[in-house]
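First comes the structure, then the notes that go with it.
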Amino acid sequence: MKGKIRVTIRRGGQEGDSFGMQTFEIPRETEMTVLEALDYIFYRLDATLAYRRYRCGRKLCQSCEVKLNGKVVRGCAVLLRPGGSYTLEPARPEALIRDLVCDFDSPAISSGPGSPEAGG
Amino acid sequence: MVLSNTLNKCGFEKLDRSNYSILKADVLIIGGGGAGMRAAIEAASRGCEVIVANKGPAGRSGTTPMAMEAYQAVCFPGDTEELHFRDTVEGGRFLGDQNLIEALVTRAREGARDLESFGVRFKKKPDGSYDPMQHPGQTFPRALFIQGGGFGMLMGLVNESRKNPRIRVLSDVVAVKLVQGRDGAPTAGIFLDLKDGAPKALLCKAVVIATGGYEELWAHSDAASTACGDGLLLAYEAGAELVDLEMLQFYPTIVIHPSYLKGTLFQYELIIHPDYLGGRLLNGLGKTFFEGIPLRDAITRSVWGEIKSGRGTEHGGVHIDLTGTAKSRQELTAALEKWQPNQFHYLQSMGVDLRESLVEAAPHGHYCMGGVAVDENAATTAPGLFAAGEAAGNLHGANRVSGNALAETQVFGAIAGKSAAEFAGGRRSFEKAGAAAAIEEIREANRKLRTAKTQGVRPFQVRDRLRETMWKTCGIEREAKGLREGMRDLHNIQGDLIPSLTVYPGEDETIRSYPQELQDAWEVKMMAELANLVLSSALAREESRGNHNRLDFPETEKDPRHVFVSRKEGLRFGKVKKVLR
């Protein structure tokens, strides 16, 4: 339906802990980024949601990466459309802390911060 | 030590018979941005064990990754340190301490060379020499261009720190308290570990505050939402003096529309300079409204004047216009790729093509010149406590010149690392005494936050109100009446709202890890205390200088004075240090 964005989020910790999918509806007439949608859910619908809010403002830092409909994207740079239904999962389930937050210190994320020239 | 739970993932030890977790290092650095990482590398090179405690993921959070590309250092034929010194003193409207400026200009080159040795790349000419930009306030082109900007710089520093086993970088730990020993120097930092939600202690012999600025106190800022000034408040509580807190630099051209691009900085220096992008800033009537390429404080006043007088754009800003440039489309594309690649690509990927459409932008809080008062050794007025980078004050004065922030992180980061290492070397042993009590205190505070209240408020509600109040009463223009209103509102916030903060009532066991709401509660408590100090400082400065515009005191005092504030002495005025060159 138009005027609403449906976002289904994988909640909980690692496998073995309790987890499940939870769906939120955001009233919205215009596009919004994944990060804006998560802000809306955290501030208006569910204070227990965990996600990384930081945005570097230039699509560089990867802090906001999540899996959107199965594909890893940067939450600051992908737009959700009114009428659409989306599924969000952690980008790196093997390093999951809770909900959508992953541990960048985890050995499971082995690549390190990357090249100093990133984005330049 | 059994590595079994998330607690041990980040290396904290559960000590025998005690009910709390501890790590220790000679030097504790709070904040893992440009200054903090440089301090860590320096202290470790002097034989110290170092812990860098970072609020978010190291290298991917905080202030530095958001910084632009400019690193100011003398490199151009004919340019001198004298001129860099003069530009910085004058650009800062004579409020910067000259002993600090002296250190900056004489060591900035060395800082850039160190960065290169860490793998950071600068834009170079084919002959291998630096290819600097010339920003307003620079007599010669002096803005060395870091590939990848602040993010690229930080990547190099993080990679370098990983080579040294003496440096341990912790992510997702929020500093909430410093514990002091009998000698008054810090013996531990207490942190909320977001990974498991528990308070932990880091024992140390010296502390470097490198937490960045406090732009988050204002409703409109282009800084990270984590820039709450928590490090400043920790220093203040530990007895250190803060300085010129009223000095918030505004940046004139931050994108305000569409909502998802709000906060993206596009450099006005490049927009309007004919050699770079050759564009214009236009008011809502489609007219230009200033001459030349003014410094940040001056152009902010011009832009604000248009908006205030009703000549703004639809969403209350001005237009960035590159469509009228004298450059061909090919030349413009090449210039954007060369000088603003990250913003250009980011905006383009979000459907905004600067070559074809106007973008609305307005002044936002951008950089905090105020901070913890330091001397040329990065020492604060509290023993064993050092500060560097944006968290420190009194270097830039009333207006920061472009490129001096990243240079500051490297020069003063290295100085702070050295000073902290020396101080730690003079202290015999770790002192565990106060840590357990401090952890209990934080646990108790967390329990209170988690207790349901009849009129409970969420942290973000308090934060939003505080930020609106600060923007309205202590923004681009200020006067006594408004500042007093701001203080009254802060009084109400602290009296009524802060005690009513409620976080996850009912102690929900499933949200022990990554307790975002709990972090928000700690942050807003600290923000409210710091906001009070900012308002008092702004009220005390009865003049207009740089970014501090008092409608009721439009004149600039002949002799510049610092506004210091400390727990012991309250507010006081102090001299600006001068040096003879």
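The values are calculated or read from the model by the stated rules, or taken from the named source; none is laboratory data. These numbers come from a predicted model, not from an experiment. Note that each Cβ is placed from the backbone with ideal geometry, even for glycine, and that neighbours are counted across all protein chains shown. Heavy atoms of the whole protein, side chains included, go into the accessibility calculation; ligands, DNA and RNA do not. Shrake-Rupley method; radii C 1.70, N 1.55, O 1.52, S 1.80 Å.
I'd like the residue in region A:42-65 that is of a type in the set (A, V, I, L, M, F, W, C) and touching a Pro at 6+ places or on another chain (Cβ under 7 Å) and, out of all such residues, is farthest from B:P505 (Cα to Cα).
A:L60
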Completion exercise
Within region B:446-466, the residues that are open to solvent by less than 60 Å² (accessible area, probe 1.4 Å) and within 14 Å of chain A (Cβ to nearest Cβ) are B:L449, B:R450, B:G456, B:V457, B:R458, B:P459, B:F460, B:V462, B:R463
Completion exercise
Of the listed residues (A:A95, A:A91), the one being modelled with pLDDT under 95 and more than 9 Å from chain B (Cβ to nearest Cβ) is A:A95
Practice task
Spot the failing condition for B:R107; the list is (1) within 30 Å of A:A95 (Cβ to Cβ); (2) at pLDDT 95 or above, and only one is missed.
Solution key: (1)
Fill in the blank from the handout: Being at pLDDT 95 or above and on the phi > 0 side of the Ramachandran plot narrows B:A405, B:A378 down to just B:A378
Practice task
Being within 14 Å of chain A (Cβ to nearest Cβ) and either in a strand (DSSP E or B) or buried (at least 21 other Cβ atoms within 10 Å of the Cβ) (or both) is the filter here, so list the residues in region B:100-117 that pass it.
Solution key: B:A112, B:D114, B:L115
Handout entry: Subset of region B:55-94 that is assigned to a loop (DSSP other than H, G, I, E, B) and touching a strand residue (DSSP E or B) at 6+ places or on another chain (Cβ under 6 Å) - its residue that is nearest to B:G393 (Cα to Cα)
Key = B:R93
Problem - Only listed residue being at pLDDT 95 or above, touching a helix residue (DSSP H, G or I) at 6+ places or on another chain (Cβ under 9 Å) and closer than 30 Å to B:G574 by Cβ, chosen from B:G47, B:G119, B:G150, B:G92 - result: B:G92
Completion exercise
Scanning region B:19-51 for residues that are open to solvent by 10 Å² or more (accessible area, probe 1.4 Å) and part of a helix (DSSP H, G or I) gives B:R38, B:I41, B:E42, B:S45
Exercise for the section: Out of the residues in region B:173-193 that are in a loop (DSSP other than H, G, I, E, B) and out of contact with any Pro (no Cβ under 7 Å at 6 or more places or on another chain), state the one that is nearest to B:A35 (Cα to Cα). Expected result: B:G181
Practice task
Using the structure shown, decide if A:T8 is under 10 Å from the mean Cα position of the chain (by Cα), surrounded by fewer than 20 Cβ atoms within 10 Å (Cβ to Cβ) and more than 10 Å from every other protein chain (Cβ to nearest Cβ).
Solution key: no
Practice task
Name, by its number, the condition in (1) within 14 Å of chain A (Cβ to nearest Cβ); (2) open to solvent by 70 Å² or more (accessible area, probe 1.4 Å) that does not hold for B:T502.
Solution key: (2)
Practice task
Return the pairs, sorted by first residue and then second, in which the second residue is β-branched (V, I, T) and assigned to a loop (DSSP other than H, G, I, E, B), the first residue lies in region A:52-69 and is more than 7 Å from chain B (Cβ to nearest Cβ) and surrounded by fewer than 21 Cβ atoms within 10 Å (Cβ to Cβ), the beta carbons are less than 9 Å apart, and the residues are 6+ apart or on different chains.
Solution key: A:L68/A:V78
Exercise for the section: Would you mind finding the one in B:G229, B:G150 that is away from every other protein chain (no Cβ under 14 Å) and closer than 18 Å to B:T409 by Cα? Expected result: B:G229
Fill in the blank from the handout: Screening B:A361, B:A298, B:A334, B:A373 for residues that are surrounded by fewer than 18 Cβ atoms within 10 Å (Cβ to Cβ) and within 23 Å of the chain's Cα centre (by Cα) leaves only B:A298
Exercise for the section: Kindly list the number of the only condition in (1) out of contact with any Phe, Trp or Tyr (no Cβ under 7 Å at 6 or more places or on another chain); (2) modelled with pLDDT under 95; (3) open to solvent by less than 80 Å² (accessible area, probe 1.4 Å) that fails for B:A421. Expected result: (2)
Practice task
Report, by residue number, each residue of region B:503-538 that is within 12 Å of B:L192 (Cα to Cα) and modelled with pLDDT under 90.
Solution key: B:R512, B:S513
Exercise for the section: State the number of residues belonging to region B:474-485 that are open to solvent by 10 Å² or more (accessible area, probe 1.4 Å) and either part of a helix (DSSP H, G or I) or farther than 18 Å from B:D297 by Cα (or both). Expected result: 5
Practice task
Kindly indicate the residue of region B:38-75 that is away from chain A (no Cβ under 14 Å) and among the acidic types (D, E) and also farthest from the chain's Cα centre (by Cα) among those meeting that condition.
Solution key: B:E49
Fill in the blank from the handout: Within region A:32-48, the count of residues that are at pLDDT 95 or above and facing chain B (nearest Cβ under 8 Å) comes to 6
Exercise for the section: Can you confirm whether region B:522-539 contains a residue that is closer than 22 Å to B:C368 by Cβ, touching a residue at least 24 places away in the same chain (Cβ under 8 Å), within 21 Å of the chain's Cα centre (by Cα) and assigned to a loop (DSSP other than H, G, I, E, B)? Expected result: no
Practice task
Could you please let me know if B:E237 is within 14 Å of chain A (Cβ to nearest Cβ), out of contact with any helix residue (DSSP H, G or I) (no Cβ under 7 Å at 6 or more places or on another chain) and within 28 Å of B:W471 (Cα to Cα)?
Solution key: no
Fill in the blank from the handout: Of those in region B:118-130 that are open to solvent by 40 Å² or more (accessible area, probe 1.4 Å) and within 14 Å of chain A (Cβ to nearest Cβ), the residue nearest to B:R162 (Cα to Cα) is B:R121
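To keep it simple, each residue is scored yes or no on (1) buried (at least 24 other Cβ atoms within 10 Å of the Cβ); (2) touching a Cys at 6+ places or on another chain (Cβ under 8 Å); (3) without any contact (Cβ under 8 Å) to a residue 60 or more places away in the chain; (4) in a helix (DSSP H, G or I).
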position: B:L232; (1), (2), (3), (4): yes, no, no, yes
position: B:F289; (1), (2), (3), (4): no, no, yes, no
position: B:I293; (1), (2), (3), (4): no, no, no, no
position: B:S302; (1), (2), (3), (4): no, no, yes, yes
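Please pick out the residue among B:V174, B:V179, B:V208 that is open to solvent by less than 30 Å² (accessible area, probe 1.4 Å), over 28 Å from B:G111 (Cα atoms) and away from every other protein chain (no Cβ under 14 Å). Steps first, answer last, please.
Working: B:V174 fails: away from every other protein chain (no Cβ under 14 Å); B:V208 fails: over 28 Å from B:G111 (Cα atoms).
Result of the check over B:V174, B:V179, B:V208: B:V179.
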Practice task
With respect to B:R355, determine if the residue is in contact with a helix residue (DSSP H, G or I) (Cβ under 6 Å, 6 or more places away or on another chain) and basic (K, R).
Solution key: yes
Fill in the blank from the handout: Restricting region B:134-147 to residues that are away from chain A (no Cβ under 14 Å) and in contact with a helix residue (DSSP H, G or I) (Cβ under 7 Å, 6 or more places away or on another chain), the one surrounded by the most Cβ atoms within 10 Å (Cβ to Cβ) turns out to be B:R142
Handout entry: Test: B:T264 is in the same structural domain as B:I307 (by TED's automatic domain parsing) and closer than 27 Å to B:V534 by Cβ
Key = yes
Problem - Residue check, A:R28 charged (D, E, K, R), in contact (Cβ under 8 Å) with a residue 24 or more places away in the chain and within 11 Å of chain B (Cβ to nearest Cβ) - result: yes
